[in-house]
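For reference, the structure is listed below as structure tokens.
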Amino acid sequence: MSRLERQRCQRFAKINTDHTDGMMVLYGRFDPITGALIETALSQKMNELWRDEDPQARCSPGQRMADAFAQLVTREETGEDGKPSRGPRLLLIADYDVISRELRNCRLGDGTPIPAEKIRDLACRSEILPAIFRGASQPLDLGRSRRAASPAQRIALVARDKACVGCGANANWCQAHHIIPWAVQGNTDLDDMCLLCSRCHHKVHDDRWQVRRKPTGAYYLKPPSKHDRRETTHRYLTYRYRRNPIKQRK
């Protein structure tokens with residue numbers, strides 16, 4: 001294996017929230033070729049931003065690089081037909097006060113609060129998706145008509161659960177889980193689904209964890225009983241033994 005191939009195997013990126021100030025932190029390691037491509041794209045975009053800036057109020061290089069990175073990642077691409085394709089979909093939620101006719105409690109899908117004026121600015125150049133629960137605008141209960149959650153249900157699940165109900169993992173990494181399994185006549189209804197990341201999904205299907213609901217309506221994962229854990233361990237050891245039986249001593 002060449003040095004470049006080894007470097008390619010060591011590529012790595014992560015994104016997380018700094019809970020001390022709420023800022024999003026990105027970190028990545030790339031092989032030299034990919035890194036050079038990223039650096040070139042960032043440099044070109046930074047130069048464009050520098051030319052458009054007011055000479056009397058320029059950003060710092062670090063701020064300009066952050067703006068360049070954000071624009072490169074979130075920009076809309078042009079499809080083969082020459083029309084812009086759909087860019088990243090950001091879920092923004094706000095309550096509408098009918099009396100004052102104002103937006104209240106503006107937040108991201110994970111519950112992070114944002115200023116009302118910012119959500120108005122984003123709404124000017126975004127697709128508006130009204131989320132009226134139990135309303136007639138979107139069928140959120142699909143019964144047995146389909147197995148996978150619909151796009152409308154997915155949005156409603158993110159608005160309700162905000163993250164994995166087991167460990168709090170980002171909603172973008174979660175799947176819509178049927179609390180009553182589809183195989184035993186479970187329905188694809190909003191009340192019968194919740195968000196689970198891949199690891200917590202395996203806990204439910206393989207390790208007998210159970211989805212439960214609090215009096216507040218929030219879902220959570222309940223670990224298996226001691227009896228269930230012993231039975232799961234026994235089944236695992238039996239499986240391992242059958243695959244790799246211990247040779248008897250002579």
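We did not get these values from a lab; they are worked out from the coordinates using the rules stated. Model, not experiment: these values are computed from the prediction. Backbone-built Cβ (ideal geometry, glycine too); neighbour counts: all protein chains shown.
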Dipole in debye (nearest 20) - the range 1-49, about Cα centre, beta carbon charges: Lys, Arg +1; Asp, Glu -1: 320
Rounded to the nearest 20 Debye, what is the dipole magnitude of the range 158-232 about its Cα centre when Lys and Arg each give +1 and Asp and Glu each give -1 at the C-beta? 380
Inter-probe distance in nm under a simple model that places probes 7 Å from Cα toward Cβ, at Gln210 and Arg147: 2.5
